[in-house]
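Let me begin by presenting the structure, written as structure tokens, before commenting on it.
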Amino acid sequence: MDSHQVPRRALYWALAVVAGPSVGVLLILALAGEIAFGVAALAAIAVVAALWLPVGRHLSGLARIADRLNRMDAASAPERLHVESPLLSRRLASTFADSTAALHQRLGDLATSGASAETVLDNLPDPVIAIDGERRIVRASRGSTAILGVDPVGADLVAAVRDPGVLEAAERVISTGEPEEVDFRIAGSDLELAARIAALPDPAPDGTVALIAVSDVTAIRSHGRTRADFVANASHELRTPISVLLGCIETLRGPARQDTAASDRFLEMMSVQAERMSRLVNDLLSLSRIELNEHFPPSSTIPLSSVIPPVVDSLQFAARSRRIDVSIDSDVGDPSVIGDRDELTQLFQNLIDNAIKYGAEGSSIRIAIGDGTMRSPGDRTQGIDTVRIAVEDRGDGIPPEHLQRLTERFYRVDTARSREMGGTGLGLAIVKHIVNRHRGGLAIESELGVGSVFTVSLPRAPLERNLSSEPDEAAAVIKS
């Protein structure tokens, strides 16, 4: 026998079962006097000796089969057993080998399927958690560990999600089988999450009865709030001039019908409010158009000398009315940028107009142009050459708590003053989106009682596209 022998006690029991009838017959014959006890004893020993080897081999073969079955898994290779027992036919051994090969193939398929399922689970866009009927987490995707901050497998659902709404919804889904969706937050996180909980038609072999898919809805909720705020603010901005217009019209039709002086006064009011509405509508249309194209950066080469000096010229009347001097100072001659001429004109018109409105009367505004670098959006380790344009005013300055919100739609530091000066509350929002479309940067610095600096960084045009046949003349224009 080989290493797959069964224990001797099992062998003795097997021999007793197989040789027992023959030994019993010999004993009966000896007791009946048919044969001598000595002969019967020798015959019994001969029977046991004759059966010892085949029974041992038979049990060894069975042990080999049992051992192979115990060790069988998807990773082990199928093998054809060599069975020496004459009681186990070659056909039985062959059948066993074929069956184990088929079983091995099935185990391998199941292992591959399981691995594929785990891979799919880990790479789902939304984290997924599987729970059993006791609300214990059976398995969880890799994304759930990242978003929840813990590895929840094996723990109660409360260990991963402490939101009462989610826990109660999970209990109801387990009880009723009806799917539910619940919004929740993770403690200490700004993320807004949505949990979609659904029961399986039948419990899975691992005990799973329900799945919880977690989605990050922070951006969606934020966009929804922004849109609602935008509609509310736009409606509010339009309501006042419309109310004034309606009141003036009603007055002109009634008490002021024959009053020329009153008619002139009300017509002037109507003109002011109509202009205010026109500016607001134009800014709304501009913002909508810029946002629509924000994902498509411009590709034209625009010399700044064709944009900034004309904007300054167009605003000279407003600057002189407040005795403000506007100067352009370039350290880099006449640089060109990659951009859209109309949008850059609107960008600098908004910035310079703001500087004139909020700068101190009798002060100065300096537009400083220089070189800069900015990290590439595609590769944060590399920098891109930029042109930095800083618009510096000498005004009252902006309190620090307002700086982060200046580019929000309809946000104003001083609402009354802004409206009095004809502002719509959209100028800096338009600037921000133009800068975003140009893949540039916007920085705002301010000191109370000193003034503010709005710095725009725009990607510089490649040198070969930035050549001028009259460089000295171009530099003179932008220096003017």
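Quick notes
- Among residues other than Val209 with Cβ under 12 Å from its Cβ, the summed charge is -3 (Lys and Arg +1, Asp and Glu -1).
- Radius ratio Rg over Rh of region 224-292, counting only Cα atoms, Kirkwood formula for Rh: 1.16
- Taking amide hydrogens as placed 1.01 Å from N in the peptide plane, the amide H of Ser330 sits under 5 Å from those of Ile369, each at least 5 positions away in sequence or on another chain.
- Net charge of neighbours whose Cβ lies under 9 Å from the Cβ of Leu191, counting Lys and Arg as +1 and Asp and Glu as -1: -2
- Counting neighbouring Cβ atoms within 10 Å and putting the fewest first, the residues Tyr411, Tyr358 line up as Tyr411, Tyr358.
- The residues Asp393, Asp132, Asp183, when put in order of fewest to most other Cβ atoms within 10 Å, stand as Asp183, Asp132, Asp393.
- Dipole of region 312-380, positive direction: furthest Cα of Ile356, Gly372, Gly339, with charges on the beta-carbon: Ile356
- In order along region 206-215, phi translates into HN-Hα couplings of 8, x, 5, 10, 8, 10, 10, 9, 10, 10 Hz, rounded to whole numbers, per the Karplus curve 6.51 cos²θ - 1.76 cosθ + 1.60 with θ = phi - 60° and x for Gly and Pro.
- Residue order for Arg64, Arg196, Arg394, fewest other beta carbons within 10 angstrom first, comes to Arg196, Arg394, Arg64.
- Surrounding net charge for Thr373, when Lys and Arg each add one and Asp and Glu each subtract one, Cβ distance under 12 Å: +1
Bear in mind that the values in this text are calculations on the coordinates, not laboratory data. Every value quoted in this text rests on a predicted model; they were computed, and no experiment measured them. No Cβ is skipped: glycine too gets one built from the backbone with ideal geometry, and neighbour counts run over all protein chains shown.
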